[in-house]
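The values are calculated or read from the model by the stated rules, or taken from the named source; none is laboratory data. Computed from a prediction, not measured in an experiment: that's the story for all the values here. Because the Cβ atoms are built from the backbone with ideal geometry, glycine has one as well, and the counts that use them run over all protein chains shown.
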Amino acid sequence: MGSGITFLLVVLVIVLGMLVWKMLDKSAPSIQLRTELKGIGASTPVELEVRDAKHRIKSVAMELSQGGGRTFALPLAGGAAPAAETSWWKFWAHPESKAAYSGRVGRKELPDLQEGRATLRIVATNDSWGRFFRGGQSELQMDLPVRFAPPQVQVLSFPHYVNQGGAELIVFKVSPGTSESGVKVGDSFFPSWPVKASTPETRLCLFAYAWNVDPATPARIVARDDAGNETVSNFTYRLFPKQFRSDQIQLTDDFMSRVVPPIMSQTSGLEDQGSLLKNFLLVNGQLRQANARELIAFSQKTAPRFLWTQPFIQLGNSKVEASFADSRTYVYNGEAVDHQTHLGFDLAVTEHAPVVAANDGVVVHAGFFGIYGNTVIIDHGCGLQSLYAHLSSMGVKPGDNVQRGQTIARSGQTGLAGGDHLHFTMLLDGIPINPVEWWDPHWIHDRIEKKLAAYK
């Protein structure tokens, strides 16, 4: 009898100990904002993720208070994904749960909200026995500025002339508190940069009308502040539409046999389509599009200022074999099998001719790059970059500073190249633009230097 009682007491002590341990559990969910929240505007989006590695998420609440007055609850949409079920007796199990929530905060949601500052508070609670069965709780609290007036934009430069496929520069001033500004053309946004670090409100912005953008597409300045307020502003410019050349490329088995296998062997993710022609079409289409997306990614590696002071230079004594935005029809055995646009200049001199940097800058890529073969990309600041492709060899590496006229590589026929030459183009925020403008000292003076002279 005594041993039985002792056993029951031991079990009771263990159970009570576990209960106390569970009740003293201090674990709580984690709260992570999906996008940085810098302020509150007319209706600012709030997106967050809540995770708990041990318990289920019980509730998530958001509220706002201002000036020590009332606290206002704000609705959140979303919820937790179902967590894996565990048996009741597996008290040691830790089912992970996570939830995504979104909401909005601003004068639209709270008409009595005033400009100034306010405190946003987000509270997440799990279903643990912690805090004496109330659940573990975490809190994210932010003191934020409240602004309702959108940024102000004042255009400082004129005139603005832009060629289809080319670029232009505009100088404008934004009001304090503006966190992002630039020019939007169609689906493309071209960010602005401070003319001088000491006056960040005065901005320069290179923007382009890509070769394939409808000339009727408007260009507008877009400015956003740290509270999410946005201004869209028109400015005066004149666009000159351009008709680009058309060309035919005769495909041969010899050409495809030479260029396609090396590209596929050095590019992950390309699967053999079962025929030489199908593999060529895969490279010329799908890989070309993937390379275009990568150029956008390379554009993020840009300096916040111009790294150059002189006009860009063309490869010396070179013969132009193909121009910018030539529309190409690929013909195989008398049948048109593909259509693509050639977004650069093909420049030929001699076999393995020295290739020089078109201007001062920093190398952001030097290596094999899909349809371009061995490629060097140089950043010149403010989203402007130059690309050198089909190289036989490269003499620079990412991070190298290069000078205008410095030999960086040798021409070749790597990638989709029919013979030894340099494929050269200029890029603005990853979008190919016509190099001819950047080779022209008069264009550089009128379109760039003259506009910036008053603010240097």
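Considering only residues that are part of a helix (DSSP H, G or I) and closer than 21 Å to residue 341 by Cα, which ones fall in region 402-446? Within region 402-446, 435, 436, 437, 438 qualify. Every residue in region 359-402 that is of a type in the set (Gly, Ala, Ser), buried (at least 24 other Cβ atoms within 10 Å of the Cβ) and under 28 Å from residue 286 (Cβ atoms), please. Selection gives 383, 389. When residue 398 is tested against (1) in contact with a Pro (Cβ under 9 Å, 6 or more places away or on another chain); (2) free of Cβ contacts under 8 Å to residues at least 40 places away in the same chain; (3) not aromatic (Phe, Trp, Tyr), only condition (1) is not met.
Would you call residue 390 touching a strand residue (DSSP E or B) at 6+ places or on another chain (Cβ under 7 Å), more than 23 Å from residue 163 (Cβ to Cβ), in a strand (DSSP E or B) and not aliphatic (A, V, I, L, M)? Yes. Which pairs do you get when a residue that is without any contact (Cβ under 8 Å) to a residue 40 or more places away in the chain, found in region 376-388, comes within reach of a residue that is among the polar types (S, T, N, Q) and not in a strand (DSSP E or B), reach meaning Cβ atoms under 8 angstrom, with the pair 6+ apart or on two chains? Taking only residues 6 or more apart or on different chains, the pairs are 378/359.
For region 429-456, filtered to residues that are aliphatic (A, V, I, L, M) and surrounded by fewer than 23 Cβ atoms within 10 Å (Cβ to Cβ), the residue that is nearest to the chain's Cα centre (by Cα) is 448. Only one entry of 122, 57, 40 meets the criterion of being modelled with pLDDT of 95 or more, of a type in the set (A, V, I, L, M) and surrounded by 16 or more Cβ atoms within 10 Å (Cβ to Cβ), and that entry is 122. Filtered by the rule that a residue be under 27 Å from residue 53 (Cβ atoms), at pLDDT 75 or above and either of a type in the set (Val, Ile, Thr) or surrounded by 12 or more Cβ atoms within 10 Å (Cβ to Cβ) (or both), region 75-104 gives 76, 78, 97, 98, 99, 100, 101, 102, 103. Against the conditions (1) touching a Pro at 6+ places or on another chain (Cβ under 9 Å); (2) farther than 20 Å from residue 190 by Cβ, where does residue 346 fall short? Just the number, please. For residue 346, the exception is condition (1). Assess whether residue 261 counts as being closer than 18 Å to residue 166 by Cα and surrounded by fewer than 16 Cβ atoms within 10 Å (Cβ to Cβ). Taking the combined requirement at face value, the residue does not satisfy it.
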